[in-house]
Amino acid sequence: MADIFDVIADGTRRDILQLLLERATGGERGTSVSQIVSALGVSQPTVSKHLKVLREAQLVTVREEGQHRYYSLAVAPLDEVDDWLVPFFSVDAENEPALPESAMHYAEVVGRAAASVKHSVATAFRKLPGR
């Protein structure tokens, strides 16, 4: 479980996951590296490096068509993260159990990641036409 938290702690990887989620919600069957590069404004080698990490963590799947590769979000590992986090949200503040230091570290990392995603989404909504 620790490895997945390290993977999603990186902002660029979270941006890639968010983009893949948005495109899947829009009905797309996959997103090419060039589409990710264009959408995020980062270099192709950087995107490829992060996609490799995401693939190894099984957070994305890849479909090959000729010379093109299309990436899609794989939700099963994120369900595991969700399952791990749920007990922390139901903890009574007055009776908060003592967490091992490693769990507190990962909870902090995930909290920062969630705050970053919230900020990104809020920023994106403010940039929409008519707002």
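What to note about this one:
- Taken together, Ala9, Ala57 contain a single residue that is within 9 Å of the chain's Cα centre (by Cα), within 22 Å of Leu85 (Cα to Cα) and surrounded by fewer than 18 Cβ atoms within 10 Å (Cβ to Cβ), which is Ala9.
- In the stretch 60-112, residue surrounded by the fewest Cβ atoms within 10 Å (Cβ to Cβ) [restricted to those that are among the hydrophobic types (A, V, I, L, M, F, W, C) and at pLDDT 85 or above]: Val62
- Within the stretch 1-58, being among the hydroxyl-bearing types (Ser, Thr, Tyr) and more than 22 Å from Asp79 (Cβ to Cβ) holds for Thr12, Ser32, Ser34, Ser38, Ser43, Thr46, Ser48.
- Members of the stretch 12-30 found to be crowded, with 16+ Cβ neighbours inside 10 Å and more than 15 Å from the chain's Cα centre (by Cα), listed by number: Gly30
- Close pairs (9 angstrom Cβ cut-off, 6 or more residues apart or separate chains): more than 13 Å from Ile36 (Cβ to Cβ) and small (Gly, Ala, Ser) in the stretch 1-24, at pLDDT below 90 and exposed (fewer than 14 other Cβ atoms within 10 Å of the Cβ) anywhere: Ala2/Ser102; Ala9/Arg112
The values are calculated or read from the model by the stated rules, or taken from the named source; none is laboratory data. Treat the numbers as computed from the prediction; the structure is a model and nothing was measured. As a convention, Cβ positions derive from the backbone with ideal geometry for all residues, glycine included, and neighbour counts pool all protein chains shown.
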